[in-house]
Amino acid sequence: MSKETNHIKAQERVAKEIPPKAEKNQEKKQKGFVPCLLIGISVIFFLIMLVFPLVEVIYRSLKDGFAAYKNAITASNTLSALQVTLIATLIAVAVNTLFGLCAAWLLTKFEFRGKQVLSTLIDIPFSISPVIAGLAYIMTFGRMGWATPLVEWLNDIFGTNISFVFSVPGVVLATIFVTFPFVSRELVPVMQAQGSAEEEAAAMMGAKGLTIFKRVTFPHIRWALLYGMILCCARAFGEFGAVYAVSKARGKTFTLPLEIDALYMAGSADSITQAFAVSSLLVLLAIIILVLKQVVEYRGKREQ
Amino acid sequence: MYVEMKHINKNFGDYEAAKDINFGVEQGKMIALLGPSGSGKTTILRMLAGLEQQDSGDVVIEGEVVNDIPPGERGIGFVFQNYALFRYMTVYENIAFGLRVQKQDKKKIHDRVMELVDLVGLNGMEKRYPDQLSGGQRQRVAFARALAPRPQLLLLDEPFAAIDAKVRKELREWLKKMIKKVGITSIFVTHDQEEAVEVADEIIIINEGKLEQKGTPVEIYKKPKTSFVAQFIGTSAVLDDFSGFKGFEDLPKNNQAIVRPEFVEAFKSDNEKFKSLIPAAETGEITKIAFRGSYLELTLSVNGILLKTNRSLERRPVSVGEQMCVLVYRVYILDEEDANIHKNKLLKGVDIEAL
């Protein structure tokens with residue numbers, strides 16, 4: 001073997017022997033300052049904006065002892081608010097999941113006029129103040145609203161007594177409004193990236209719509225769907241403005257954020273502590289959601 | 001005819017993807033739909049499959065008009081451009097999909113899948129997912145999946161486009177062999193003429209939504225019917241005026257002519273073999289020599305017209321600036337839509353094939 005090839009081989013060996021870790025470390029060292037600065041800024045921001053206020057909530061809620069805390073969160077107004085919040089969230093998530101799936105399907109698998117307009121319309125809740133949404137519902141379904149005769153007519157037919165203003169159905173409606181873009185927003189990019197070739201392949205083999213959705217489309221979008229549902233949930237729990245406009249009866253149609261506001265606005269030292277205790281409930285729900293979101297994100301990424 | 005397209009028209013807005021397409025395919029044949037990108041060839045394939053609906057005209061399979069029959073019931077297997085394998089299913093599940101949709105019994109499905117896995121040589125890979133396979137292996141899965149429900153017709157959309165050049169040739173051979181082995185009528189779309197020539201029994205050339213010519217590779221190559229085909233097939237140089245060239249004086253003036261490298265012979269004036277042909281040849285100067293791996297490509301200037309020819313490396317060396325005798329055997333003269341072949345009249349009676 002010639003000297004030259006030996007030399008090349010030696011070079012190769014050297015190249016191979018440098019562990020990849022060492023290279024990475026070098027990179028880190030070179031860029032060390034910038035990440036440190038960015039991390040520092042983020043941590044300070046994060047502490048001031050999020051961690052301290054949250055710790056404050058927990059601290060304040062337990063200030064008068066655990067018994068007071070327990071009393072606050074088991075008060076009938078609180079329990080009613082929790083119930084309304086959960087009902088509104090559950091229905092909003094269910095409705096928006098269905099709607100989000102349909103909208104994403106329509107936007108990604110079909111070509112039609114006004115597609116861009118529809119896509120923009122879906123985003124409206126992101127850009128409109130929720131209070132306006134709530135007021136709009138009052139205008140529509142309130143005593144003077146154009147839809148009231150229609151609702152009354154339907155009530156007569158079905159023998160029901162549903163009202164959409166200052167009632168739980170109104171709260172549900174407002175919650176649906178503010179959360180409806182979340183699911184479709186998560187699904188559209190995923191479905192766009194997937195294209196429709198796999199669905200077409202399934203159709204070529206004689207599979208029908210439902211089978212195609214179940215076997216081909218759904219496995220692909222399940223994590224994005226779940227992620228969208230979780231975001232939807234988080235937003236529904238915390239919604240204030242839209243709900244505030246259509247809900248006026250404490251202990252009946254108030255949600256947790258409204259109840260907290262009412263307690264806080266009462267102004268006595270006791271009620272402020274109670275407000276923090278109820279807030280801690282929302283924080284707890286948020287943490288559960290956050291953990292779920294992390295799990296879903298992680299699993300979704302791993303599958304890709 | 002086994003498969004027929006009758007007066008098919010299709011528009012996408014202003015874009016005409018198919019203009020009065022008519023053709024038939026005999027049973028057991030392998031057909032290439034060849035054309036530049038955007039020519040409408042894929043749309044034609046998709047209309048055959050039922051994935052796209054024609055604006056007018058009939059698609060006929062086995063004598064039956066299938067216009068209103070959904071894709072899944074036309075008895076067609078389709079291999080998609082990027083294979084479109086179900087990425088959340090294993091190789092086995094991919095191949096079994098069509099059979100499961102038909103609700104065949106498990107034992108039967110298993111036997112059929114294993115038969116196909118064996119056929120395409122993927123034994124032991126049944127449990128893998130598509131992203132654990134190479135491009136070639138994915139193509140094999142796509143092929144097996146399309147064949148599983150025993151279709152009567154196999155359609156393939158750019159089956160080799162997603163594979164790197166090195167493996168492509170190998171796979172071409174393999175696919176051709178497989179299709180012949182299974183004996184299924186098949187139509188594939190390609191923009192690569194080499195691919196079409198090598199694999200297909202017959203080629204259909206599509207340009208701007210129009211069927212230009214249908215014929216065997218040799219026919220298409222030797223007797224291009226339209227000016228588009230004459231230019232599209234082979235490496236062609238288009239010349240604006242060829243009349244006045246020795247042996248072609250009678251040609252109509254102001255018509256474009258197409259000359260392929262193999263229509264041109266360049267030889268040194270002391271060449272014994274071509275001595276008798278010197279009267280039929282012009283003189284030209286070599287302006288460029290390009291090495292093409294197994295041969296040289298010479299560019300010669302003859303009275304200001306540039307002609308290309310290929311020269312075997314076995315012949316005597318040549319250099320730029322050298323004067324050569326240049327003989328043109330034949331040209332295609334383009335007459336509006338048509339292409340007509342014209343032979344060098346000074347070569348009448350000379351047995352060119354014997355040279």
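The values are calculated or read from the model by the stated rules, or taken from the named source; none is laboratory data. None of these values were measured; they are calculated from a predicted model. Cβ coordinates were reconstructed from backbone atoms using ideal geometry, including for glycine residues, and neighbour counts include every protein chain displayed. With ligands, DNA and RNA removed, areas are computed over all heavy atoms of the protein, side chains included. Shrake-Rupley method; radii C 1.70, N 1.55, O 1.52, S 1.80 Å.
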### Query
Restricting the search to the range B:39-59, which residues are out of contact with any helix residue (DSSP H, G or I) (no Cβ under 8 Å at 6 or more places or on another chain) and either buried (at least 17 other Cβ atoms within 10 Å of the Cβ) or assigned to a helix (DSSP H, G or I) (or both)?
B:39, B:40, B:41, B:42, B:43, B:44, B:45, B:46, B:47, B:48, B:57
### Task
Would you point out the residue of the range B:80-90, among those that are out of contact with any strand residue (DSSP E or B) (no Cβ under 8 Å at 6 or more places or on another chain) and more than 7 Å from chain A (Cβ to nearest Cβ), that is most open to solvent (accessible area, probe 1.4 Å)?
B:87
### Task
Identify, from the list A:243, A:190, the residue that is within 25 Å of the chain's Cα centre (by Cα) and farther than 30 Å from residue A:79 by Cα.
A:190
### Message
Is it the case, given these coordinates, that residue B:93 is open to solvent by 50 Å² or more (accessible area, probe 1.4 Å) and more than 14 Å from chain A (Cβ to nearest Cβ)?
### Response
no
#### Entry: All positions within the range B:28-38 that are crowded, with 24+ Cβ neighbours inside 10 Å and either over 23 Å from residue B:183 (Cα atoms) or free of Cβ contacts under 8 Å to residues at least 60 places away in the same chain (or both)
B:35
### Task
From the list B:275, B:222, pick out the single residue that is basic (Lys, Arg), more than 28 Å from residue B:27 (Cα to Cα), out of contact with any Cys (no Cβ under 7 Å at 6 or more places or on another chain) and modelled with pLDDT under 85.
B:275
#### Entry: Of residues in the range B:40-60 being under 16 Å from residue B:158 (Cα atoms) and of a type outside the set (A, V, I, L, M, F, W, C), the one nearest to the other protein chains (Cβ to nearest Cβ)
B:46
### Message
Just checking: which of the helices (runs of 4 or more DSSP H) contained wholly in the range A:163-252 hold 1 or more residues that are more than 14 Å from chain B (Cβ to nearest Cβ)?
### Response
A:168-179, A:181-194, A:218-238, A:241-246
### Residue among B:98, B:124, B:135, B:77 that alone is open to solvent by 40 Å² or more (accessible area, probe 1.4 Å) and under 23 Å from residue B:179 (Cα atoms)
B:124
#### Entry: Test: residue in the range A:134-156 that is over 16 Å from residue A:100 (Cα atoms), open to solvent by 20 Å² or more (accessible area, probe 1.4 Å), within 14 Å of chain B (Cβ to nearest Cβ) and modelled with pLDDT of 85 or more
no
### Summary
Taking the range B:61-74 and keeping residues surrounded by fewer than 14 Cβ atoms within 10 Å (Cβ to Cβ) and either facing chain A (nearest Cβ under 10 Å) or touching a Lys or Arg at 6+ places or on another chain (Cβ under 6 Å) (or both) leaves B:70, B:73
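Just to be sure, is residue A:116 open to solvent by 30 Å² or more (accessible area, probe 1.4 Å), touching a residue at least 60 places away in the same chain (Cβ under 8 Å) and in a helix (DSSP H, G or I)?
It is false that residue A:116 is open to solvent by 30 Å² or more (accessible area, probe 1.4 Å), touching a residue at least 60 places away in the same chain (Cβ under 8 Å) and in a helix (DSSP H, G or I).
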